[in-house]
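Since the structure comes first, as structure tokens, the remarks are kept for the end.
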Amino acid sequence: MQDNLFLGPDADVRFTLQNLRAHEASGAIGADRTHILNGISFGYSANGRIKGKYRSTPSNMLALSLTCGSRSAPAWQCLTITLGPMDLGAAAAVGLVVRSTAPQSTLSRFTLRSGRGGDFVDQPFRKSLVSFASPSTHLDVIEIDTAPDLPRQAEWRDLILFFTPGPLEIELLDLRFFAV
């Protein structure tokens, strides 16, 4: 068991990602929501069918290999990472650093989802994550003052990585999230 000694608004997600970096598991993806680890899941819209597998090792945070099980791809497919309530009242920015690879160039997008009551607000990160055959590093930041629709307080937040719907081969070698 890992100790959770982190401080700050991003403590919960840093602990979750630390656990994923140390996690060794593999499994099938076949339902509309697949639990990978506490606080991390893969999901897709109900109108599509995805089959595939995931693998997590200390040297490769998360690998996804997916095929479409129907003629139409789902409308969306994503990796969801629970952030907790994450108070951004004193934060200047939130950001992420990702190392990834994919056999073919693959385009993905990160969104910070904030929920209150029965509703939520999505704040997309500005840049697209492009994964190539060689490992590459991606850095993106949301400056809080330039995101007027981003609630500073929320009951819950998720970091969502939206993949292009359909077949997918990608490896997330490392993912770091921060609030400063």
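The values are calculated or read from the model by the stated rules, or taken from the named source; none is laboratory data. Note that the coordinates shown come from a computational prediction; the quantities given were computed from them, not determined experimentally. A quick note on method: Cβ atoms are made from the backbone with ideal geometry, for glycine too, and the neighbour counts reach across all protein chains shown. Ligands, DNA and RNA are excluded from the accessible area calculation, which covers all protein heavy atoms including side chains. Shrake-Rupley method; radii C 1.70, N 1.55, O 1.52, S 1.80 Å.
Expressed as a whole percent, the accessible area of the chain that falls on carbon and sulfur atoms is 53 (1.4 Å probe).
Annotation note: chymotrypsin sites (Phe, Trp or Tyr not before Pro) in segment 31-104 located in DSSP loop regions with a Cβ neighbour count of at most 15 within 10 Å are TRP76. Listed values (1) 20.6, 73; (2) 19.6, 72; (3) 15.9, 48 include one computed from this model; for Rg and Dmax of the Cα atoms in Å that value carries the label (3). How many angstrom lie between the C-alpha centres of segment 33-62 and segment 104-180? Taking the Cα centre of segment 104-180 as reference, the centre of segment 33-62 is 16 Å away. With a cut-off of 11 Å between beta carbons, the residues surrounding SER26 carry a summed charge of +1, where Lys and Arg count +1 and Asp and Glu -1. Qualifying trypsin sites (Lys or Arg not before Pro) in segment 1-96, where qualification requires a DSSP coil assignment and no more than 10 other C-beta atoms within 10 Å, comprise ARG71.
Accessible surface area normalised per residue over segment 56-144 is 45 Å², counting heavy atoms of protein chains with a 1.4 Å rolling probe.
For the peptides 96-108, 127-139, the ranking by mean Cβ contacts within 10 Å, running from highest to lowest, is 96-108, 127-139. Between helix 11-22 and the chain, what is the angle of the helix's C-alpha long axis to the longest principal axis, kept within 0 to 90° and rounded to the nearest 10? Roughly 30 degrees, rounded to the nearest 10.
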